[in-house]
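Read the figures in this text as sums done on the coordinates, not as results from a lab. From a predicted model like this one, the values you see are computed outputs, not experimental measurements. Neighbour counts run over all protein chains shown; Cβ positions are idealised from the backbone, glycine included.
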Amino acid sequence: MNKLIAPSILAADFGNLQRDVEMVNNSKADWFHIDIMDGVFVPNISFGMPVLKAISSHANKTIDVHLMIVDPDRYISTFADLGADVLTVHYEACTHLHRTIQAIKASGMKAGVALNPHTPISVLEDIITDLDLVCIMSVNPGFGGQSFIENTYKKVTQLKQLITETNSNTLIEIDGGVTNKNAKQLVDAGADVLVAGSFVFKSDNPTETIADLKSICN
């Protein structure tokens, strides 16, 4: 399977959001990665439903929504209605993870689980076969532009082994600090989807940067 590039809209220019969405549409990117933060689960607040609705109205690629919020169950149907194709919740925010995953799938979306840097892969052993995606946080969630955590490679290898052993079809997504310096090593370790925010949108030519990442990974 071709490796996927998912620019993180959190790093886009909010004053020119439609322009940046169109740039992603016209680039070699595969997904839009959209972080929803509530200021409670993480110490930051990002955009809410109206902005997601605006992005969805212009985006013509897969919309990958990453919920960094407490009590995500309250909003599952709302995000489905707003056009999310993939909905990822944090393991650390879900009391009844299996029920949450089933609710996401029942709403017609693919279901993902994100793990904070300190959370071990082993917590997914009983649910991996139900997951479409696992998002490994390679920075602490809540802010863009952070440095990549080197232990991520080990976690990717462990997760790939779990997926192989259970004959699962789960995709491995990496979120945080992804650049052209670590993309190849992440893919070699087993990553399928690379989220890149600041590295793409703060570059001189985001379209070219996306194309470069794509060529490195495939």
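A few remarks follow.
- Computed [θ] at 222 nm, helices only, for the chain once each DSSP H run of length n ≥ 4 contributes -39500 (n - 2.57): -9500 deg cm²/dmol
- Calculated FRET value between residue 169 and residue 74, using beta carbons and R₀ = 35 Å, to 0.05: 0.80
- Residue 129/residue 154 FRET efficiency (R0 22 Å; Cβ-Cβ; nearest 0.05): 0.45
- DSSP bridge pairs, the chain: antiparallel proportion in percent, nearest 5: 5 percent
- Residues of type aspartates and glutamates that residue 181 reaches as a straight line, Cα spacing below 18 Å, ignoring anything fewer than 8 places off in the same chain: 150, 173, 192, 204, 208, 212
- Anisotropy class of the range 4-217 from Cα gyration tensor, a/c 1.5 cut: oblate
- Full-stretch length increase - residue 118, residue 1 - with 0.36 nm per residue and alpha-carbon distance subtracted: 39.2 nm
- Across 53/155; 53/154; 105/155; 28/155, pairs whose alpha-carbon gap is larger than 31 Å: 53/155; 53/154
- Net length available on complete extension from residue 203 to residue 45 is 54.5 nm, with 0.36 nm assigned per residue and the Cα-Cα distance removed.
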